[in-house]
Amino acid sequence: MLKEFPLGREIDRPSAESAIESFREKLSAQQLLLKEKKLPVILLIEGWGASGKGSLIGRLIRYLDPRFYTVCTRSVPSDEELRKPFLWHYFTKIPQAGKIVLFDSGWMEETVRSVESKELKKRELTERLDGIRIFERQLVENGYLVIKLFLHISREEQKKRLEALEEDKNTDWRVTKNDWQQNKHYDKQLKRFDKYLEATSVPWAPWHILDATNRKEAELAAFRIVTESIDRALERRPGSTPLPKTEQFPLVQMPLLSKVSLDKTVRSDEEYRTQLKSAQKRLRELHNMLYRKKIPLIIVYEGWDAAGKGGNIKRLASALDPRGAEVHPIAAPESFELSRHYLWRFWTRLPKTGHVAIFDRSWYGRVMVERLEGLCSEADWKRAYHEMNEFEHELVRWGAIVIKFWIHIDPDTQLERFQERQNTPEKRWKITDEDWRNREKWPQYEKAVNEMLRKTSTQFAPWYIVESKDKRYARLKALNTVIQAIETRIRDDEK
């Protein structure tokens, strides 16, 4: 793409300046439409060192309302950021509906830099590129406009600009060792950029190459691309057309909930206490090993109301070092969460390597309560099965252990527990009118849960149905499932 791209085209400066002024006014007006139509925009600006990325961003935002845009500058990742998934830094920065985020370099530069430093091997690069394509596709399908610009200059032009920057004491700080390395190995770097551009340029998020030799030419091209892209997006709203998925994941066959026997029990309280103490001790030891090996653990709890999730989580969490574990109770999303991609609030809660995150309810609300209560469209929840599999696949590729529990009881057991809560003053806060309303929809919820289990129990992140008519049995099963998953992972890593 870059090798054949013509550079140095002459333009008529007065005409260009006049056109830029018109585009600038148009972009300012479009910003109001973005807010009105709740269209979020992500503008990624990449390019050679000294190609003018920062200057271009400054000119693009000159007349925009600063309350509705953010500029994110990506530098070398900190040690803290390196303990999160690669896409964490970018997914957590996506804009709310109606706002713009401009990335001054981002996931392209970080990836190419990792290739240059040999941090990414061939297989890892393939996985990284796959994750980036999924990231961008999911954003577009969920209503985002993704615009990607690459500022291209020749080796000679880059060298001239770097020398000019270094000559001025007010700008010499902007020149980095990496910039000079780029210029020295320009041809190799061009090939790396080309491979990345070709691998990630897709119809719904294409790359636009700009000739940045002449700053006015680059500015004019950028304004034209951005305003035209916004016009098209406002007309058709991104996300209206399903986009091709990258792959189907191998699934684990799951039984229907109605076929799950709930007669499993622990024989006595003494046996329960003995096994609980032993399991918690072992989990505490394994948590130390997870921290030492920097393996993140993500545990998802879903289940029927009054099934015993809270007590189950309590026994598991109390066996972990609280400095390296956190429980996330997931309620209805706040307004600032609703205005972003539905997975955003879960990306922001991911643990660091070596830490544990326990989700009391999770992203699976998309295909249960949101589906059945009409809180998202049919297209949204049908698409979500694959999106959630992709999300978990990305977490596993990062190195996480992902464990998902469905805490299961039958309608009669639920009714008994509801009545007990209703009739016990100190437990009455646990029962709400919503719980009773949900109970009336048990058949619809059971159908949705069966579909969820069937479509999202992957080999890398399977569901575990935990029989919870006897809460003691359920607690022990969950603890032992977590222990077994950690032990298996550690054995595999040590082979």
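The values are calculated or read from the model by the stated rules, or taken from the named source; none is laboratory data. Values in this document were obtained by computation on a predicted structure and should not be read as measured data. Please note: Cβ atoms are built from the backbone with ideal geometry, for glycine as well, and neighbour counts cover all protein chains shown. These area figures cover heavy atoms from the full protein model, side chains too; ligands, DNA and RNA do not enter into them. Shrake-Rupley method; radii C 1.70, N 1.55, O 1.52, S 1.80 Å.
Restricting attention to the alpha-carbon atoms of the range 72-164, what are Rg (one decimal) and Dmax (integer), both in Å?
Values for the range 72-164 (Cα only, Rg and Dmax): 15.3, 44 Å.
Once Rh for the range 284-380 is found with the Kirkwood sum over Cα pairs, what is the Stokes-Einstein diffusion coefficient at 20 °C and 1.002 mPa s, in µm²/s?
Answer from the Stokes-Einstein relation: 145 µm²/s.
Would you tally the net charge around residue 126, using a Cβ to Cβ cut-off of less than 13 Å, leaving residue 126 out, and scoring K and R as +1, D and E as -1?
Once all neighbours under 13 Å are counted, the net charge is +3.
What does the charge dipole of the chain about its Cα centre add up to, to the nearest 20 debye, if the Cβ of each Lys and Arg holds +1 and the Cβ of each Asp and Glu holds -1?
The dipole of the chain has a size of about 1080 debye.
Quick check: Cα centre of the range 284-331 to Cα centre of the range 87-165, how many Å?
What the calculation gives is 34 Å, centre to centre.
Would you kindly calculate the mean projected area, averaged across all directions, of the convex hull enclosing the Cα atoms of the range 209-322, in square nanometres?
Result: a mean projected hull area of 16.1 nm².
If I take R0 = 41 Å and measure r between the Cβ atoms of residue 412 and residue 289 in this structure, what FRET efficiency does the formula 1/(1 + (r/R0)^6) give, to the nearest 0.05?
0.50
What FRET efficiency do you get for residue 447 and residue 36 if R0 is 35 Å and r is their Cβ-Cβ distance, rounded to the nearest 0.05?
E(calc), rounded to 0.05, equals 0.35.
Using only the Cα atoms of the range 1-60, what semi-axes does the equivalent ellipsoid have when each is the square root of 5 times a gyration tensor eigenvalue? Give whole Å, largest first.
26, 18, 11
Looking at this model, which pairs from 3/160; 245/477; 84/455; 259/352; 352/477 are more than 31 angstrom apart at the alpha-carbon?
245/477; 259/352
Accessible area per residue of the chain at 1.4 Å probe, in Å²?
I get 48 Å² per residue for this part.
Using a simple spin-label model with points 7 Å from Cα along the Cα→Cβ vector, what separation in nm is obtained for residue 123 and residue 434?
It is 4.4 nm.
Taking 0.36 nm per residue of sequence separation and subtracting the Cα-Cα distance, how much length would be gained by fully extending the chain between residue 397 and residue 9, in nm to one decimal?
135.3 nm
Could you give the spread of the C-alpha atoms of the chain along their three principal axes, from largest to smallest, in whole angstroms?
Principal-axis extents of the Cα atoms in the chain, largest first: 86, 50, 38 Å.
Under 4 °C and 1.567 mPa s, how fast does the range 357-491 diffuse according to Stokes-Einstein, given a Kirkwood radius computed over C-alpha pairs? Answer in µm²/s, whole number.
Roughly 77 µm²/s, to the nearest whole number.
Nearest 5 percent is fine: what portion of the DSSP beta bridges confined to the chain is antiparallel?
5
Stretched out fully, how many nm does the piece from residue 420 to residue 488 gain, at 0.36 nm a residue minus the Cα gap?
Additional length available on full extension: 20.5 nm.
When the Cα centres of the range 394-430 and the range 464-495 are compared, how far apart do they sit, in Å?
Between the Cα centre of the range 394-430 and that of the range 464-495, the gap is 17 Å.
If you roll a 1.4 angstrom probe over the protein chains with everything in place, what fraction of the accessible area of the chain belongs to carbon and sulfur, to the nearest %?
50
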